[in-house]
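Heads up: the structure comes next, in structure tokens.
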Amino acid sequence: MRLLTAFLATTALAAAPASAQGQQQAPADPAERGEVQGDHLHDQFGSDIIVTAPLRDLDLLAGTAVLTGDQLVRDLRPQLGDTLARLPGVSATSFSPGASRPVLRGFQGERVRVLTDGLGSLDVSNTSADHAVTIDPITAARIEVLKGPAVLLFGSQAIGGAVNVLDRRIPRAVPDEALHIDVLGAYGSAADERSIAAGVDAPLGKGGLVLHLDGSFRKTDDLRVGGFVLSKELRAEQLEIAEEEIAEGHAEEAAEALELANLKGRIPNTATEQKTLGAGLALIRDAGSIGVSVGWFDSRYGIPTRPGAGHHHHDDGEDEGEEGHGEEEVTIGLEQIRFDLRGQLNLGGGMFKEARVRLGYADYEHTEFEGAEVGTVFSNQGVEGRFELIQNERGSWSGASGVQYFHRDFSAVGAEAFLPPNKTSQYGVFTLQEWDFGPVNVEAAARYEHGRISSDAADVRRTFNAFSAALGGSVAVGPGVKLGANISRAERAPSAEELLSNGPHVASQAFEIGDATLRKERSWGGEIFVRAETGPFDFSASVYANRFDDYIYQAFTGEEEDDLPILQYFQDDARYWGFEASASARLFKARGVQFVADAVVDYVRATVDNSGPAPRIPPFRFLGGLEAQSAGVDARVEAEFVAEQDRVAPLENPTDGFTLVNASLTWRPAGRNSGTAVILSANNIFDVDARRHASLTREFAPLAGRDIRLSARFSF
């Protein structure tokens with residue numbers, strides 16, 4: 001009832017007359033906003049962390065990183081995970097060019113929430129690594145990565161972190177000009193990638209009403225790689241098969257195995273095509289704002305084939321031993337229609353200064369094709385809502401509290417519906433409080449969540465109550481230098497996928513098995529950090545550790561079902577620890593050119609009791625760069641070293657280390673504070689064979705080889 005009352009009040013007050021100075025506009029000088037580029041995107045978003053804007057910093061309970069401006073344009077890739085993979089503590093699942101989710105501090109899947117403007121993506125990308133996130137990074141104006149206990153405010157599924165993607169689909173500000181246009185285009189040579197996106201914002205009259213329209217299109221061919229498509233272990237298997245087939249007189253089968261072992265150049269069946277359209281309308285007044293939007297996302301992408309992935313169907317009318325369609329090329333056709341609402345009501349000078357409401361609904365469907373034949377159709381209807389009350393500052397005290405609701409109705413129909421129809425509902429109550437005592441800051445957060453998962457088809461009904469809390473503090477030990485620590489206790493209920501999976505999944509090329517008796521996952525976590533901004537140096541580093549009771553994980557068993565390897569969910573205690581650091585130094589300035597050096601380093605180590613190393617944990621990584629910056633041109637060269645991962649789970653193969661060397665040149669024809677930039681970059685210059693250990697498909701789907709990219713952004 002409170003949420004409805006606040007929504008109706010927002011609507012009424014937003015209709016009040018707008019003053020000439022009351023509309024939400026950013027300062028005219030980009031330097032006042034703390035931003036390098038002065039385009040309309042930064043006018044709307046500023047330099048604060050949007051998802052956590054109620055508080056001053058939120059830097060005690062969450063490590064944050066932001067990708068925006070020219071850096072976002074330079075790092076854009078077709079999927080969100082690959083776009084963010086250069087940030088500290090971030091890797092990617094890199095299942096295929098069309099499906100890649102972020103990996104944060106070694107956590108992925110159900111432990112990382114992907115948000116759009118603070119709400120979940122409402123897709124099924126958490127269901128399996130082959131399912132794409134329904135957010136095209138090319139439409140993003142800003143991407144925020146949050147790691148640490150504070151992100152549990154956005155759901156127990158954020159135990160490992162959250163990624164918040166912000167676009168302009170629901171306008172936050174009234175444009176200064178009668179028509180504001182942003183255009184972004186890119187070409188990448190490794191996959192012959194062609195992409196373009198455009199957005200238009202226009203005030204409708206002088207009453208604070210703003211219209212937004214946007215659209216994007218991307219098309220790629222099969223991805224070119226820097227060496228053999230198969231890893232050395234899989235190549236050895238295929239060469240052994242070829243020898244056996246020759247010995248048995250099967251020349252054709254031997255030739256196929258040899259061809260696969262020696263496959264170079266491009267990964268077959270990895271082409272993608274993706275389209276989006278969106279429209280939004282917002283009324284922005286002194287008393288508050290309210291806006292709505294609708295978006296359409298459409299994607300079709302190929303799934304790289306695991307050698308020997310053929311299997312048998314058990315459809316009606318087929319014999320158990322009859323060969324099915326597992327050797328057909330698998331593609332996924334995906335479509336989502338989404339509706340969103342955002343409202344904000346300024347409450348004045350009482351206990352609370354602001355009320356916020358966010359609602360989202362999405363109708364999602366994707367089809368897994370085996371050749372031209374429809375395999376399995378996944379459908380998902382999801383709704384999520386948040387209502388927040390933002391407190392007025394009372395001396396040293398500020399904070400925010402709220403409620404959240406989530407519901408998902410999922411079904412899969414087809415011969416390989418590995419997950420039965422199910423429904424998930426969650427209700428959450430949360431609060432985040434901050435005390436600023438000058439050199440000492442304290443933050444505390446808590447969340448209670450009640451969840452229910454039911455499936456009539458599987459005759460399963462489970463309810464869970466999860467409570468999470470965190471406490472953090474910091475002290476200023478010198479000008480611009482802060483030391484801090486936090487501790488957290490978190491609980492996560494198992495997901496429907498972890499409980500109910502039981503069947504062949506053609507896209508992941510595995511037989512997936514869940515466990516309907518799984519218990520809540522509980523953990524204690526701690527972190528120590530230092531952050532410094534002193535003169536020409538910026539530095540941030542943290543060491544963290546988590547101890548899990550009843551940790552849920554997915555691993556191969558070494559057995560087969562339907563000629564597919566079994567990928568099963570298990571539960572045991574586990575330990576995670578790691579560190580991450582980033583630094584930059586403004587070295588010197590000569591003839592108007594500023595030289596800057598920067599570095600990122602991260603490492604995570606995870607162990608499951610009674611099993612050994614946790615599956616698919618990224619290895620040690622170091623990235624260092626040198627950049628020359630001027631008013632009109634920036635030049636950068638960087639090298640990323642990723643160590644070998646030889647600390648592997650049972651039945652996992654090690655992953656070789658690699659070093660990627662990249663370079664880029666950014667030209668701003670209208671100056672540094674312009675929203676227009678042209679970027680030429682060369683990635684993986686030496687065309688090395690690179691594979692991410694966090695990927696299920698790393699042994700037959702390596703990363704891109706040499707990729708020459710040309711990107712351009714225009715804002716006017």
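The values are calculated or read from the model by the stated rules, or taken from the named source; none is laboratory data. Just so it is clear, the structure is predicted and the values come from calculations on it, not from any experiment. When we count neighbours, we look across all protein chains shown, and the Cβ atoms used for this are built from the backbone with ideal geometry, even at glycine. Calculation scope for accessible area: heavy atoms of the full protein, side chains included, ligands and nucleic acids excluded. Shrake-Rupley method; radii C 1.70, N 1.55, O 1.52, S 1.80 Å.
In this label model, Y405 and F437 are separated by 4.0 nm, measuring between points 7 Å along each Cα→Cβ vector. For the chain, the longest principal axis of the C-alpha atoms and the axis of helix 251-261 are separated by about 30°. Ligands, DNA and RNA are left out, and with a 1.4 angstrom probe the accessible area of the chain is 38 Å² per residue. Averaging Cα coordinates gives a centre for the range 549-566 and one for the range 649-686; these two points are 35 Å apart. What the phi angles of the range 265-275 give under the Karplus curve with 6.51, -1.76 and 1.60, with θ = phi - 60°, is a coupling list of x, 10, 7, x, 6, 10, 5, 9, 8, 9, 9 Hz, glycine and proline written as x.
Treating the angle as unsigned and between 0 and 90°, give the value, to the nearest 10°, between the Cα long axis of helix 2-14 and the longest Cα principal axis of the chain. Computed tilt is about 50 degrees.
Could you compute the longest span of the chain free of trypsin sites (Lys or Arg not before Pro) located in DSSP loops and having at most 11 other Cβ atoms within 10 Å, not counting the site residues? Maximal segment without exposed cleavage sites: 207-590. Taking the centroid of alpha carbons for each part, the range 442-469 and the range 144-170 are 18 Å apart. Karplus-derived 3J(HN,Hα) values for the range 673-682, using 6.51 cos²θ - 1.76 cosθ + 1.60 with θ = phi - 60°, are 8, 8, x, 9, 8, 10, 10, 10, 9, 10 Hz; glycine and proline are entered as x. The phi torsions of the range 591-596, fed into the Karplus equation with coefficients 6.51, -1.76 and 1.60 and a -60° offset, translate into couplings of 6, x, 10, 9, 9, 10 Hz, rounded to whole numbers, with Gly and Pro shown as x. Among L499, L483, the order of accessible area from largest down is L483, L499, computed with a 1.4 Å probe on protein heavy atoms. Given the alternatives [x] 3, 14, 25, 28, 20, 8, 2, 1, 0; [y] 3, 14, 23, 23, 17, 11, 6, 3, 1, 0; [z] 2, 10, 13, 11, 8, 6, 4, 5, 7, 8, 9, 8, 5, 2, 1, 0, P(r) over Cα pairs in 10 Å bins from 0, in percent as computed for this entry is given by [x].
Counting only the Cα atoms, the range 342-468 fills a convex hull of 145 Å³ per residue. Would you work out what percent of the accessible area of the chain, with all protein chains in place, is carbon or sulfur (probe 1.4 Å)? The C+S portion of the solvent-accessible surface of the chain is 58 percent. With the largest listed first and rounded to whole Å, the semi-axes of the equivalent ellipsoid of the range 465-622 from the Cα gyration tensor are 41, 22, 12. Once the GluC sites (Glu not before Pro) in DSSP loops with at most 15 neighbouring Cβ atoms within 10 Å are cut out of the chain, the longest remaining piece is 394-643. Taking 19 Å as the cut-off, the amide N atoms of the range 622-645 that come nearer than this to a point 7 Å along the Cα-to-beta-carbon line of F595 belong to 624-639. When only alpha carbons are used to place a centre, the range 409-428 and the range 342-389 end up 17 Å from one another.
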